[in-house]
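For reference, the structure is listed below as structure tokens.
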Amino acid sequence: MSTATKQTNKIDIPDLLEGEGWHPLSWNQKEITQLPPYPDTEELQNAYKELKSLPPLITSWEIEALKEKLAQAGEGKAFLLQGGDCAETFDACKSVKLVNMLKVMLQMSFILIHEMGTPVIRLGRIAGQYAKPRSKDFEEINGLKMLNYRGDLINSIKPDVDARTPDPQRLVEAYEKAALSLNFLRALSDEGFADLQYPQQWELDFMQNNEYYKEYEEMVSSINKAIKFMDTITPNRLNTSHKVDLYTSHEALNLFYDSAQTRRVPRKQGWFNLSAHLVWLGNRTQQIDGGHVEYLKGIQNPVGIKVGPPFDLDNMLRLLDTINPSHEAGKIVLITRMGHDMVKKHLPTYIRAIKQNGHPVVWSCDPMHGNTYATGENVKTRNFNDILHEIRETFEVHRSEASYLGGVHLELTGDNVTECVGGANGLNEAGLSSNYETYCDPRLNYEQSLEMAFLVAKEWNKSYR
Ligand code: PEP
Ligand code: CO
């Protein structure tokens with residue numbers, strides 16, 4: 001069991017607290033894990049009110065459109081590519097990083113579409129992925145005991161007791177950074193993004209070391225031909241009718257952030273979290289009577305649910321009944337993150353149980369979070385082969401259970417970082433220090449991400465072609 005904190009501030013906003021039943025703050029009356037108390041409740045309350053008064057980042061129409069597309073993925077007619085940083089930081093809200101992230105997601109999706117011949121839903125861990133669960137509340141640095149870093153939404157990574165204190169102003173700053181990121185991503189997707197598809201933008205030399213290099217090269221050249229052809233017959237295709245859609249997602253962890261942006265929408269039923277298209281329930285906040293589950297059961301957005309150790313199947317089934325009692329299609333993405341050597345043992349039981357109780361879900365595989373380890377030098381990393389192994393085993397189990405694996409969930413970046421070992425460019429542990437940037441978990445870099453997309457498509461084809 002996690003040692004992480006179980007209580008947080010109670011906030012008192014009379015207009016929201018009226019009446020019985022669910023409302024955006026009803027979670028605040030429950031026990032909650034992974035959300036440390038803010039020392040100053042009044043300041044928190046003011047920040048909450050400010051955030052609540054600001055305009056939404058996204059719209060209910062977009063949320064509904066995503067849910068419809070996810071329903072397609074649930075039926076085997078589309079594939080979900082969810083990816084992005086483990087922890088976004090406020091400092092990384094920069095042009096080049098956003099361009100690189102959009103570029104890698106777009107190129108990965110082109111690979112999947114081209115190789116699989118199925119629509120791909122792009123969903124970034126972006127524009128809000130600022131809060132992190134931790135296994136310990138405290139750490140000791142240079143003899144000083146301080147709170148652990150929990151993401152820029154809560155405190156600073158600076159190893160300083162004051163900087164580590166939860167700061168309510170960060171709620172508003174996160175909203176601002178998310179808005180700036182989203183504004184730029186939307187502009188890139190609408191206009192001016194077309195050049196990212198051209199051949200010179202595909203940096204492929206690294207793949208020469210991969211056994212599939214020839215196939216890969218042919219695929220990219222064929223994607224380029226297809227793009228050029230479409231451009232000739234319908235110029236500006238990407239700028240107009242075929243806009244690039246990139247949906248956003250984050251873990252609904254700091255519920256002060258999410259609930260302040262949970263609103264009613266005219267002429268629509270229910271409440272929408274207008275800070276992201278999809279939010280997910282992390283592996284450590286799944287207590288059925290806890291605050292996170294209470295919050296998630298009241299919103300209209302699609303919800304991701306991580307599935308991993310301690311492999312509590314009953315709890316998982318209760319989560320489905322609680323968060324999606326009406327069995328709405330496209331509502332739930334089950335994101336398995338078991339660890340490469342656990343998939344065969346546990347996944348079949350889940351698939352069978354969910355089939356039996358009739359819940360429509362989109363199955364997705366997160367091959368990252370069960371495969372993290374520390375090197376001898378104590379650097380957190382993941383091995384490309386373990387990640388691939390989990391993907392392969394997951395496809396294999398779905399295939400043998402006649403079930404559709406409808407997505408992958410990856411921690412990745414468009415930058416040339418050195419955080420995960422392996423892949424065609426053969427990064428080894430000694431090379432990790434050359435460009436290790438992440439504040440939290442290690443991500444696939446640009447090359448590793450493209451290679452992974454190619455290998456995912458190969459696995460999908462084995463199962464569903
Ligand atoms: C994450 O997705 O960054 C994460 C912390 O995952 P999990 O809850 O599955 O450990
Ligand atoms: Co992570």
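The values are calculated or read from the model by the stated rules, or taken from the named source; none is laboratory data. Since this is a predicted model, take the numbers as computed values, not measurements. Virtual Cβ from ideal backbone geometry, glycine too; neighbours counted across all protein chains shown. SASA here: full protein model, heavy atoms, side chains in, ligands and nucleic acids out. Shrake-Rupley method; radii C 1.70, N 1.55, O 1.52, S 1.80 Å.
A compact table of results
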quantity	calculated
Kirkwood-Stokes translational diffusion coefficient of the stretch 301-398, alpha-carbon pairs, 10 °C, 1.306 mPa s, µm²/s	112
Karplus-derived HN-Hα couplings along the stretch 356-372 (A = 6.51, B = -1.76, C = 1.60, θ = phi - 60°), whole Hz, x at Gly and Pro	5, 8, x, 6, x, 9, 9, 8, 10, 10, 9, x, 9, 6, x, 10, 8
Restraint check, Lys52/Lys306; Lys97/Lys225; Lys177/Lys268; Lys306/Lys458; Lys10/Lys69, Cα-Cα greater than 31 Å	Lys10/Lys69
Exposure of Ile113 as accessible area (Å², to 10), given a probe of 1.4 Å and all protein chains	70
Inter-label distance, nm, simple model (7 Å from Cα along the C-beta direction), Lys344/Glu31	3.8
Burial order of peptide ranges 202-211, 40-49, 355-364 (average beta-carbon count within 10 Å, highest first)	355-364, 40-49, 202-211
Per-pair calculated FRET efficiency, R0 = 45 Å: Glu50 and Ser463 via Cβ, rounded to 0.05	0.40
On Cα atoms only, tilt of 60-74 relative to the major axis of the chain in degrees	50
The chain: calculated mean residue ellipticity at 222 nm from DSSP helix runs of at least 4, using -39500 (n - 2.57)	-12000 deg cm²/dmol
Fraction in percent of alpha-carbon pairs per bin - 10 Å, the chain	4, 21, 32, 27, 13, 3, 0
Descending principal axes extents, the stretch 42-97, alpha-carbon based, whole Å	49, 28, 19
Nearest-ten-degree value, helix 313-323 long axis tilted from longest Cα axis of the chain	80
Cα gyration tensor, the stretch 222-354 - rounded (a/c under 1.5), prolate or oblate	oblate
Surface accessible to a 1.4 Å probe, Val120 within the full protein complex, Å²	20
Estimated distance in nm for a label pair at Met230 and Lys355, the labels positioned 7 Å out from Cα along Cα-to-Cβ	3.5
Nearest-0.05 FRET efficiency for Asp12 and Gln208, computed from C-beta distance (R0 41 Å)	0.10
Partnerless Cys - the chain, beta-carbon criterion under 4.7 Å	Cys93, Cys365, Cys420
Helix 446-464 vs. the chain, principal-axis angle (Cα, 0 to 90°, nearest 10)	80
